[in-house]
Structure formats: structure tokens, C-alpha cells
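Accompanying notes for the structure given below.
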Amino acid sequence: MMRDEHRDRVNRSCARRCHWLGRTFMACWLCIVGALPALASPVDATVSRSYLKGWTGAVHYCSAGLCSKLGRRDMPQADRASFRPLSERYAVDRQRVYYEGREIYGADPVTLQVLGPDHAADRQALYIKALRIREADTATARYLPRHYVLDRHKVWYGEFESGGSDYFLSELKGADPARFHLPDPDKDTLGTDGQQLFLGKEVLPLKLGKDFRLLESKNLLAFVSDARLHVLAYGLQWPDASAVREAGTAQRSTWLSLPGSPSVQGNGPWRLLNGRWLVAQQDRRWRLLGDRVQRLTTFEESIWYAVADGMLWYAPPRHETPPFELGPAAADLRLLSPYYLINNGQVIHQGKPVAGADPASFRIPPKGEFKLSIDAMDRQWLYDRGERLGTNDEAGRLRQRMPR
């Protein structure tokens, strides 16, 4: 009996040890397997950091080589001897074409040309990511970042559905691919062939004059054609219809053709058009503020204030409250921050006078000196968004000072 009990204890002890050793071995193996991507190296680092060759010679795809963070895509079908990346995302071997490690079925690896980060073409078709779109002339196909693709016959505009994987490609009817270009390289949804102007896939119903010149395409679209200033901006309403000519009524934005010497002055949300019309932007919508304005001065440090013909203006953030005049710009006009300024012996915050503030000592404290609730101070008071928050004495400053 004693021997049996001893044998059972020994067996249980051995079983526990074997179980512990097995778990330890499995953990070590998982660590080794998990570390294998780190042992992989780029197939061709000068072309792509994403296509990697493992220590066994197998090919993998890891976006930017970040396998441990983003995961990897194994490519067992890839021919190791002939595999080569063509760009960060496209690759080929002697039989197949790949996009981000996935095979593009039917694509020709011999004639494939990469046009852009997600665009390629072979002798048969145009490809957007791994999607086969339609026929295109590979020899003349080119890509204009980030939406336009063209060959010697046609121009297309394409974009992915917001938040989805569906891709929409639209032919721009009548566009001349030989002359098509982006008038502003930073505006990738604006294209022209010198005769028409395209906003995405839409064309403005206007034949461009030979003097076509783009003046601005950031906040509003403004260009010269046939010696007139054309403005496309959302929300504009013009009270005097005789002063302007409205066109493109099918456009969601207001499109106006303005007489006079074409010019756009100002920056941020303030513009003076043709040295005459003052407009301001609120909530991405524009509003006409005045006619026969001759001079506009804006502040680089603040989008809320401007001076037009000697009058100080303030534009509230919300469109429900129109911009308004604060009075003549005085000799002591001084901007203190994007929200505070001094004018005519008065401190103003977001278009409203700061009651009792001392303009002589009013200043903006250095960052980190006080809590975020303190944004200004004078010799007597501490302020938060134009309101008194406490006294500017030793006790008041101590209460509001940032902890060290």
C-alpha cells in the first residue's frame, strides 16, 4: 500500500512537471514564431518596405514593414525566384500581379505599369487598388494625384465612397486629355483642359477664355476668364443682382461673375473682390458685407478681426450672427491674441468690450504660467474669456498658478 501511494505521488509530480515543461515549450515556441517577422527583410528596400522575404525565403506583405503592429499577409503563391516589388503596394512575379499582397486576377505582370500609389494599368485594363476598372491605353496612361486618371483618349475622375470600399470612376465628357492638368497641384479635385473647368466629376457650364488664370482655390474658388472675376463660394447672397451676373444655378455653391479689374485681396476668412466687394466666411459659408470697399487689412494672428476702409470688423464663429463693425480703427489698435485686441483705449474680446479692463497694463500671460482658465490679465484682475476670474494679487495668482 505504501509503495502504491509513493508511486502515485511520483506519477502526479512527473505529470505536473511535464505539463509545466509543455507549457513553457509552447510559450517559447510562440515567442519564436512571433519574432519571425522581425527576421524578415525587404525584398527590395529601394522600392518597397512592405514586401518582405522571411528567413525561409517565403514572401510576406506587411504595411511599411510593421508586421508586429499591423500584422502580415502571407503570399504562398508568390514565385520566390521572380518576385519583385514595383512600388510600395504593387508587385509582380512571372505569373501574377499583387496589390498589398493580394493577387489581382487576370492582370498581366509583363505589361503592368504603376501610375500612382493605388493606380496601375496593363495592356488590357486600368486598376485602382486591386479593382479592375476598364480598358485604358497603357502606353499613354497617366495619373494626376489623387483623383484623375487619363490616357490619350479619355479623362476619368475617381474616388472611393466615404468610409467604404466602393470605387466610383466617372468619365469627363469632352475633356481634352492632351491639355488636361491641375491648375493648383494642392487642389486635387480641380482640373482643366484650358477650355473647361472641372470640379471633381462636374464641369462648370462655362467656356474658359484664353486669359484663364486661377487666383485662389483654398477657401473659395476664384479665377479670371474673359476679363471677369468668377467666384464660386458656398452661401453667398448678393442683394444687388444688377452688379453681378450669376451662372451655374445647378451648382450647390453660388457662382458669380463680377465686373471690374479681376483681383482677390485678403486671407483667412476675409476677402476683397475686385477692390470693391467685402466678403467674410463663417461656418464655411460666405457672406457679402459691403460694396465700394477700397482697402482691406487682415491679421495673420487672428481670423476674427479685419479692418476695411478704416473700420474695425469682427466675424463671430457661428453664421447665425453676422459680422459687425466695432468702430473706427484707432492709432492704438493692437492685436494681443486671436481673441483680444486694444482699440481706441478699450480692450475687446471676441467683439465685445471687456468691462473695467486697463488697456495700459492688459497683457496675455505666458503659456504655462496659469491654469487654462486664465487667458489674460491686467494690473488688477485676472481674466477668462473676457470675464473677471480673480484678483491679480499674490493670493489670486497663487490660486490660479499651474502646479510645479
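Numerical summary
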{"read-out": "Label point distance in nm, K210-K69, each placed 7 Å from Cα along Cα→Cβ", "value": "5.5 nm"}
{"read-out": "Distance (nanometres) between label positions extended 7 Å along Cα→Cβ at L398 and D226", "value": "7.5 nm"}
{"read-out": "0 to 90° range, to nearest 10: angle between helix 2-39 axis and the chain longest Cα axis", "value": "50 degrees"}
{"read-out": "Surrounding net charge for G54, when Lys and Arg each add one and Asp and Glu each subtract one, Cβ distance under 13 Å", "value": "+3"}
{"read-out": "Rg in Å to one decimal, and Dmax rounded to a whole Å, for the chain via C-alpha atoms", "value": "33.0, 116"}
{"read-out": "Derived scalar couplings ³J(HN,Hα) [the range 310-323; Karplus, 6.51 cos²θ - 1.76 cosθ + 1.60; whole Hz; x for Gly, Pro]", "value": "x, 9, 7, 10, 10, 10, x, x, 8, 6, 4, 9, x, x"}
{"read-out": "Accessible surface of the chain [probe 1.4 Å, protein heavy atoms]: carbon and sulfur percent", "value": "51 percent"}
{"read-out": "Cα-Cα over 31 Å, subset of K187/K207; K187/K371; K154/K207", "value": "K187/K371"}
{"read-out": "Karplus-derived 3J(HN,Hα), 6.51/-1.76/1.60, for each residue of the range 71-82, Hz, glycine and proline x", "value": "x, 10, 10, 6, 10, x, 7, 5, 7, 5, 5, 9"}
{"read-out": "Solvent-accessible area per residue for the range 225-313 (1.4 angstrom probe, square angstrom)", "value": "50 Å²"}
{"read-out": "Residue-averaged 222 nm ellipticity for the chain, from DSSP H runs of 4+ at -39500 (n - 2.57), nearest 500", "value": "-4000 deg cm²/dmol"}
{"read-out": "Highest to lowest packing among 113-124, 313-324, scored as the average C-beta count within 10 Å", "value": "113-124, 313-324"}
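The values are calculated or read from the model by the stated rules, or taken from the named source; none is laboratory data. In this text, all values refer to a predicted model and were calculated from it rather than measured experimentally. Positions of Cβ are backbone-derived with ideal geometry, glycine not excepted, and every protein chain shown enters the neighbour counts. Note: areas computed on protein heavy atoms with side chains; ligands, DNA, RNA excluded. Shrake-Rupley method; radii C 1.70, N 1.55, O 1.52, S 1.80 Å.
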